[in-house]
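Engineer: Dumping the structure here so I can ask a few things about it.
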Amino acid sequence: MVMVTGKRPVVPEIDPQQAWERASRGDAVIVDVREPDEVAEVAVPGALVIPLGKLDEEVETIPSDREVLFLCRSGNRSAYATDFYRQRGHERTANITGGIIAWTKANLPTTRGR
């Protein structure tokens, strides 16, 4: 179970532009840990959607052959997801700084109605 406490964990960060570039090249996979209703409003093309509350039971579905970049609304839930994933021995992972808010502000590709 992913434990969300009062203090956000310190984890590696990556900005949205770099995340998109790495994912577009196939060097990374983006995992969106927002809830389905949030993803329905705006999503990152090609992202794997695993709500934070289900990450523990679905962690094995995340490809381990690439860097894993976690995304949420603002970067808080994805920081917990990144920490959780790192604690399971996965070093090639980072939190996308600012989440989908920063992603859309950077005018990076999105889809709607997923």
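The values are calculated or read from the model by the stated rules, or taken from the named source; none is laboratory data. Everything numeric in this text was worked out from a predicted model, so none of it was measured. Glycine also receives a Cβ, built like all others from the backbone with ideal geometry; neighbour counts cover every protein chain displayed.
Engineer: Would you point out the residue of the range 22-42, among those that are farther than 20 Å from G53 by Cβ and among the small types (G, A, S), that is surrounded by the most Cβ atoms within 10 Å (Cβ to Cβ)?
Structural biologist: A28
Engineer: Go through the range 17-38 and report how many residues are farther than 19 Å from Q87 by Cβ and either under 12 Å from the mean Cα position of the chain (by Cα) or among the acidic types (D, E) (or both). Before you say what the answer is, go through the steps one by one.
Structural biologist: If we filter the range 17-38 for residues that are farther than 19 Å from Q87 by Cβ, which is where we start, we get 17-28, 30, 32, 34-38.
Subset that is either under 12 Å from the mean Cα position of the chain (by Cα) or among the acidic types (D, E) (or both): 19-21, 23, 27-28, 30, 32, 34-35, 37-38.
Within the range 17-38, residues that are farther than 19 Å from Q87 by Cβ and either under 12 Å from the mean Cα position of the chain (by Cα) or among the acidic types (D, E) (or both) number 12.
Engineer: Between a residue in the range 22-44 that is on the phi < 0 side of the Ramachandran plot and modelled with pLDDT of 95 or more and any residue that is in a helix (DSSP H, G or I) and among the charged types (D, E, K, R), which pairs come within a Cβ distance under 6 Å, given they are 6 or more apart or on different chains?
Structural biologist: Once the first residue is on the phi < 0 side of the Ramachandran plot and modelled with pLDDT of 95 or more and sits in the range 22-44, its partners that are in a helix (DSSP H, G or I) and among the charged types (D, E, K, R) give A28/R22; V33/R77.
Engineer: Next question, about the same structure. What pairs come up if the first residue lies in the range 51-72 and is part of a loop (DSSP other than H, G, I, E, B), the second is surrounded by fewer than 18 Cβ atoms within 10 Å (Cβ to Cβ), and their beta carbons are under 6 Å apart, counting only those six or more places apart or on different chains?
Structural biologist: Filtered contacts from the range 51-72: P51/E35.
Engineer: Follow-up. List pairs: first in the range 78-105 and over 18 Å from D65 (Cα atoms) and in a loop (DSSP other than H, G, I, E, B), second among the acidic types (D, E) and at pLDDT 95 or above, Cβ under 6 Å, 6+ apart or cross-chain?
Structural biologist: Qualifying pairs under 6 Å: T97/E13; T97/D15.
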